[in-house]
Amino acid sequence: MNFLELVNKRRSVRSYDLTRPVEPEKVERCIEAVRLAPSACNAQPWKLVVVNDPELKNKVAEAATTKWLGQNLFVKQAPLLVVLVRESPNITSKLGTVLKDKPYTIIDVGIATAHFCLQATEEGLGTCIIGWFNEPAVKKLLGIPKAKRAELIIAIGYPAKPDARKKIRKPVGEIRSFNKY
C-alpha cells in the first residue's frame, strides 16, 4: 500500500484477537523502524522494552489501568506491550534543547513511536499508544533506572476487528495555511 493508505489504516486498537500470537520477527521489524527513525542530532534517545512474558505483561498492564476512570482496561488483553524509555540526549541535542528551549528528546520519542506503529500496521498488527499509566510502578516492574522516563506504552497485537472505522479529522483548511498563520 502507499504511505497515505498506510497512515489511513493505522488506528488505535483496543480489542485484540487473543488466538493469534504476535510473531517475534514482526516485532523486530517494528523495532528496526524505530532504529531508522530520525532524531535531533542523531541522538536516538530511546530504548524499547518489549514485555512478552505473560505474567510481567499483566503486571505492567495493571499499572496502565485506571479502574475508577475505566481507562485503559483493554491493555490487559494486548498480547504484547512495548515501553518506550526516553534516554539522555547526546551533547549536541542537549545543547540545542537548552539554547532553543525545545524538548527534542520528547519530539524524538514521538517520531520513534509513530515509526513503530506505522510498521506494525504494515505488518497487519494493531497498536494503541498509552500515555496515562503509573510510571513509577512500570519503572519498578521493568528495572528502568530512576533517572530515566518511561514515556509511553504501546499495546500491540492482531486486531479483533480488522476493519478500521472511518477517521474523523479536521478539514485540511483548518490545519494548514500558506505564508502566514
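The values are calculated or read from the model by the stated rules, or taken from the named source; none is laboratory data. What you are looking at is a predicted structure, and each value in this text was computed from that prediction instead of being measured. Here Cβ is always computed from backbone atoms with ideal geometry, including for glycine, and neighbour counts include all displayed protein chains.
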Exercise. Is it true that Ile144 is closer than 19 Å to Lys57 by Cα, under 11 Å from the mean Cα position of the chain (by Cα), surrounded by fewer than 21 Cβ atoms within 10 Å (Cβ to Cβ) and touching a residue at least 60 places away in the same chain (Cβ under 8 Å)?
Worked result: no
Exercise. Filtering the stretch 12-41 down to residues that are modelled with pLDDT under 95 and in a helix (DSSP H, G or I), which residue is nearest to Gly131 (Cα to Cα)?
Worked result: Ala40
Seminar exercise, completed: The number of residues in the stretch 42-69 that are in a helix (DSSP H, G or I) and either touching an Asp or Glu at 6+ places or on another chain (Cβ under 9 Å) or among the hydrophobic types (A, V, I, L, M, F, W, C) (or both) is 4
Problem set entry | Qualifying residue in the stretch 96-104 (condition: under 22 Å from Val138 (Cβ atoms) and at pLDDT below 95) | yes
Exercise. Do we have Glu5 as over 25 Å from Ile107 (Cα atoms) and of a type outside the set (Phe, Trp, Tyr) here?
Worked result: no
Exercise. Do you know which residues across the stretch 97-131 are charged (D, E, K, R), in a helix (DSSP H, G or I) and under 15 Å from Glu25 (Cα atoms)?
Worked result: Glu122
For this session: Give the residues of the stretch 51-61 that are out of contact with any helix residue (DSSP H, G or I) (no Cβ under 6 Å at 6 or more places or on another chain) and either more than 15 Å from Leu152 (Cα to Cα) or of a type in the set (A, V, I, L, M, F, W, C) (or both), sorted by residue number.
Result: Asn52, Asp53, Pro54, Glu55, Leu56, Asn58
Problem set entry | Candidate set: the stretch 61-74, residues that are of a type in the set (A, V, I, L, M) and more than 16 Å from Thr127 (Cα to Cα); chosen: the one surrounded by the fewest Cβ atoms within 10 Å (Cβ to Cβ) | Leu69
Exercise. Since Ala120 meets every condition but one in (1) touching a Gly at 6+ places or on another chain (Cβ under 9 Å); (2) among the small types (Gly, Ala, Ser); (3) under 22 Å from Lys146 (Cα atoms), which condition does it not meet?
Worked result: (3)
Problem set entry | Failed item, numbered, when Asn90 is tested on (1) touching a residue at least 40 places away in the same chain (Cβ under 8 Å); (2) crowded, with 18+ Cβ neighbours inside 10 Å | (2)
